[in-house]
Structures are given as C-alpha cells and as structure tokens.
Amino acid sequence: MNKVLIFLLTITSISCSSDPNGKIITVSGLISPAQLGTTLAHEHVLVDFSGAANYTPENYNQQEAFDWILPELLKLKAHGVQTLIECTPNHVGRDVVLLKQLTEKSGITLITNTGFYGAQNNKFIPVHVIDMSAEAIATFFIAEFEQGIEGSGVKPGFIKIAVNRKPLSEFHAKLVRAAAIAHRATGLTIMSHTGPATPAFQQLEILSEEGVAPSAFIWTHASDEKDWHKLVEAARLGAWISIDKFGWNASLLNGELLLYLKNEGVLDKILISHDAGWYDPNKPDHPFKSYTPIFETLIPNLKVKGFSASEIKQLLVKNPARAFTVEKRTL
Ligand SMILES: [Zn+2]
C-alpha cells in the first residue's frame, strides 16, 4: 500500500472514532451504546446551592468530596451498575475534574452535561445570560460540546435544562428553544427538570416549532405529575419519561406507577433513577442519599408484580442506551 493511502486511511479512522454520532459521550470519552450497561439515568454526586453569583469550586475541598462520594459509587458495583448519569448542571456544582477522578477510581462510567438550570427562579443562571438570545445561549452549549468543558477536555453527553413547575416564563421558553437549537447542531439529548405536565407539553411544543422530535426530550421528575395518563400521552408522542424520584418518594417504590406504564404499553420510553447523592459542601455533616433503593426494594416489588427480567433490563439497560445516544432527532 502506498504511503498516501495509508495516511488517508489513518486520517479516516481517526475522524470516524472521534465522531460522536451513534455513540455515547462519557467523561472519559466515547463509548458505544452497547457498552453503557445497567444505568441510573438521573443522579448527582455533588451539589452546591449557593447560586450562580456565589458558586465556585473553591467553596469546597475536592479531595474531601472525593473521599466521601467514592464509597457510594463503589456500592453500585454489587448491583451490577455500570453507568451513572450525573445531572448536576453548570453553576449548581458540576465539577468535571471531580467526575473524572471518580470515574477513574470507581470504574463507574459517568456522563455529564451542558446547559443552564432555570428552576428556582433563575437563581443558578448567571445574570448576563437572562438577556441573551436563544441562539447565543445555544452557542454556549455547542461550544462545550465541541471544545469540552472549561478546558478540561471533558465533553457533555447531554443537555440539562430546568424550568419552574408552572407555565413557562419567557426566559424558560427561551432556554428550551436554546436547547432545541443546540440539539439540532449536536444531537445531544435534552433532559429538562420539569415536574408537572403543563410545562412538559409546552416544552414539546417549542421543540416542535424548532423542528426537534419529542424523542430528543426527557421529561424529568415526571412522577410529580399526578395524572399518570399525561405521562402515557407524552410517551406515545415519543418523549422519554423519567421516573427518577426513587430516592425521595418511598411510595413510588411499590412499583404501581411502573406497572401502570407497562400496562399502557410504554415501558420502552421509561427511564428510572433515584435523583440521589447530593454531597452538599454547605452542609457540615454531608448527608448523602443512597443510590440503591431501586435494587433493594423496587426491583423485588416489580418481580412480585410480574415484571420479567427482560422488562427490568429494558428500564435499566436498553432505554438509557437509546435515550443518551448522540443522534439528531428532527421532525
Ligand atoms: Zn436531579
């Protein structure tokens, strides 16, 4: 083979291997969806609720946080968990250097995000962002996708936004539009802290105006909606439904909601998780919510209710692999 051909083949294989399309972006780089394994789709390691004006990684001792969090991640191995989707947004304690150290020492795959968290009345939004256009906000998300986060080389595996639990404000509508624009450019899935159905469907409407399919959207904290049929409606449109309060809401652990969703035929659109962790440097005793009730309580209850091993695998393995694959999902 001549040297030019070898050179061209090398270049081609390098560019193919760095193409995130059809892959999943972890804090350690790209993996194939089949490598994701058993996945908790919504957890946190460290959170800092100081607010965008006061948050800085200097607020805490990274080594102390690492020592605290690592054993909690290691407990997941006994349950066969391979991946944890780390949903802490920028300005709420997203620390990709810490995540990289944790993934290296624990062997648990971690996935981080780009985005802005608008819930709690924009406390976590830097003031200059409020008046930016949707396009300008999207440019920031896209830059993190292309160049990595804060010079760390770590790239986001999804877009995380958050809106208040009521009809969307003008700024929150803009945030959703920015996420849609960034999705079109990157193929990153949009996870939105939402809660009730009203803002969930309003967000799907904005996505539709921007030509983005519901399958690019994760309705997060969906179990806060009391009318379970709304979840089915959104799932039938193609949206991902995140039942992620298993760390907070003990009554959810009986599995009734999941049984309802199974009987409605939408199990292939459901993600499950605890929304747990939350090492908070501002709390002196650092209370930490365990990542294990799904394995200790929920799954045994699901088995009693007749869930098969393959249905449980659907929730913990197959669905997250599809939901977090980088793919432009346009209308
Ligand atoms: Zn959360």
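The values are calculated or read from the model by the stated rules, or taken from the named source; none is laboratory data. Computed from a predicted structure; not experimentally measured. In this analysis, Cβ positions are derived from the backbone assuming ideal geometry, glycine residues included, and neighbour counts consider all displayed protein chains. Areas reflect the complete protein model, heavy atoms only, side chains present, ligands, DNA and RNA absent. Shrake-Rupley method; radii C 1.70, N 1.55, O 1.52, S 1.80 Å.
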Identify the residue in the range 275-308 that is outside any loop (DSSP other than H, G, I, E, B) and within 16 Å of the ligand (Cβ to nearest atom) and, among all such residues, is most open to solvent (accessible area, probe 1.4 Å).
LYS289
Which one is nearest to the ligand (Cβ to nearest atom), of the residues in the range 186-218 that are among the small types (Gly, Ala, Ser), surrounded by fewer than 19 Cβ atoms within 10 Å (Cβ to Cβ) and more than 18 Å from the chain's Cα centre (by Cα)?
SER208
Does the range 190-212 contain any residue that is in a loop (DSSP other than H, G, I, E, B), under 21 Å from ILE111 (Cα atoms) and free of Cβ contacts under 8 Å to residues at least 60 places away in the same chain?
yes
Of the residues that make up the range 130-138, is at least one of a type in the set (A, V, I, L, M), open to solvent by 10 Å² or more (accessible area, probe 1.4 Å) and assigned to a loop (DSSP other than H, G, I, E, B)?
yes
The lone exception for ASN90 - which of (1) assigned to a helix (DSSP H, G or I); (2) modelled with pLDDT of 95 or more it fails
(1)
In this structure, does GLU43 turn out to be buried (at least 24 other Cβ atoms within 10 Å of the Cβ), of a type in the set (D, E, K, R) and touching a residue at least 24 places away in the same chain (Cβ under 8 Å)?
yes
Being part of a helix (DSSP H, G or I), open to solvent by less than 50 Å² (accessible area, probe 1.4 Å) and over 30 Å from PHE66 (Cα atoms): is that true of SER223 here?
yes
Which of the residues belonging to the range 226-270 are within 16 Å of the ligand (Cβ to nearest atom), modelled with pLDDT of 95 or more and not in a helix (DSSP H, G or I)?
TRP240, ILE241, SER242, ILE243, ASP244, LYS245, PHE246
Which condition number in (1) among the acidic types (Asp, Glu); (2) within 16 Å of the ligand (Cβ to nearest atom); (3) open to solvent by 10 Å² or more (accessible area, probe 1.4 Å) is the one that ASP67 fails?
(2)
For LYS160, which of the numbered conditions (1) in contact with a helix residue (DSSP H, G or I) (Cβ under 7 Å, 6 or more places away or on another chain); (2) buried (at least 24 other Cβ atoms within 10 Å of the Cβ) fails to hold?
(1)
